[in-house]
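**Q** One structure, pasted below without further comment.
The values are calculated or read from the model by the stated rules, or taken from the named source; none is laboratory data. For clarity, every value in this text was computed on a predicted model and none was experimentally measured. Cβ sites come from the backbone with ideal geometry, for glycine too, and all protein chains shown count toward neighbours.
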């Protein structure tokens, strides 16, 4: 954890996060622009910025983070859509049922996770830095102003409560936005293996790309709590066009991203973040199934 924060590093980190987020795409789509021009421009700007800061002894510590943000945007907004439109993949997905099609769609986003491994080159990033372990599931929870409790609490008690609260909030949001047919739920139990596989894949992929790797690159740049908020905002903006969607979805995903990153820092592992995320994605999977299948 940095003892003193370079104001230039702070400004560049937050600026790069916003520049590499979906915010430019949100604004350009509002203006009627489509295609890959915006994300490609974002990636090029961030890669050039990474090269420039890499030549500065005071700013070099930001180089890996800038590359990480560039890879996230490249993977999710360019590579995955191009692969989905590639004739062999497109033909395969046309022949799949709804469940496996959802899994393959999420699988395409793993390309970004593989590319992200290149950001570790020349940098001493360990498994502990990436939180790639279950962690202490009963670790103490540090009080936060945005949370309702002040007395001592442990993650073994807070974690299940967060699972329940988030699931209910997601159900309420998706019910109002998707208008699912609950009478179809009994027809979709055969989708359960695909639901678990898809939710697990998506949760693991998003935790790795939006929290594990960015937090590892920020560990010597920003105070831990500020890094948590930075990654939470980045994650929230990524959900503008997803589920949950819109600015309410951004707010919900930002709060979720903050709590998940907080759990990772305090438990020194990804156990609670992955578990809560998995349940959320299971809810989303079945709501989409009830909204899109006859």
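**Q** Counting only residues that are in a loop (DSSP other than H, G, I, E, B) and crowded, with 17+ Cβ neighbours inside 10 Å, how many does the range 130-144 have?
**A** The qualifying residues number 4.
**Q** What's the number of the only condition in (1) over 16 Å from the mean Cα position of the chain (by Cα); (2) part of a helix (DSSP H, G or I) that residue 260 fails to meet?
**A** Here residue 260 clears every test but (1).
**Q** Here's a follow-up. May I ask you to list pairs of residues, at least six apart or on different chains, whose Cβ atoms are under 9 Å apart, with the first in the range 243-265 being without any contact (Cβ under 8 Å) to a residue 12 or more places away in the chain and at negative phi and the second being surrounded by 19 or more Cβ atoms within 10 Å (Cβ to Cβ) and outside any helix (DSSP H, G or I)?
**A** 247/240
**Q** For the range 1-25, enumerate the residues that are modelled with pLDDT of 90 or more and closer than 14 Å to residue 73 by Cβ.
**A** The answer is 16, 17, 18, 19, 20, 21, 22, 23, 24.
**Q** In this structure, is residue 194 surrounded by fewer than 22 Cβ atoms within 10 Å (Cβ to Cβ) and without any contact (Cβ under 8 Å) to a residue 24 or more places away in the chain?
**A** no
**Q** Next question. In the range 83-119, which residues are closer than 26 Å to residue 66 by Cβ and free of Cβ contacts under 8 Å to residues at least 24 places away in the same chain?
**A** 114, 117
**Q** Since residue 29 meets every condition but one in (1) more than 21 Å from residue 239 (Cβ to Cβ); (2) out of contact with any helix residue (DSSP H, G or I) (no Cβ under 8 Å at 6 or more places or on another chain); (3) modelled with pLDDT under 95, which condition does it not meet?
**A** Going through the list (1) more than 21 Å from residue 239 (Cβ to Cβ); (2) out of contact with any helix residue (DSSP H, G or I) (no Cβ under 8 Å at 6 or more places or on another chain); (3) modelled with pLDDT under 95, residue 29 breaks only (1).
**Q** Sticking with this one: List pairs: first in the range 120-145 and over 18 Å from residue 260 (Cβ atoms), second outside any loop (DSSP other than H, G, I, E, B), Cβ under 7 Å, 6+ apart or cross-chain?
**A** 123/64; 125/216
**Q** Now a separate question. Determine, yes or no, whether residue 235 is modelled with pLDDT of 95 or more and over 20 Å from residue 134 (Cβ atoms).
**A** yes
**Q** Give me the residue from the range 246-255 that is under 14 Å from the mean Cα position of the chain (by Cα) and within 19 Å of residue 175 (Cα to Cα) and, out of that set, surrounded by the fewest Cβ atoms within 10 Å (Cβ to Cβ).
**A** Out of the qualifying residues, it is 251.
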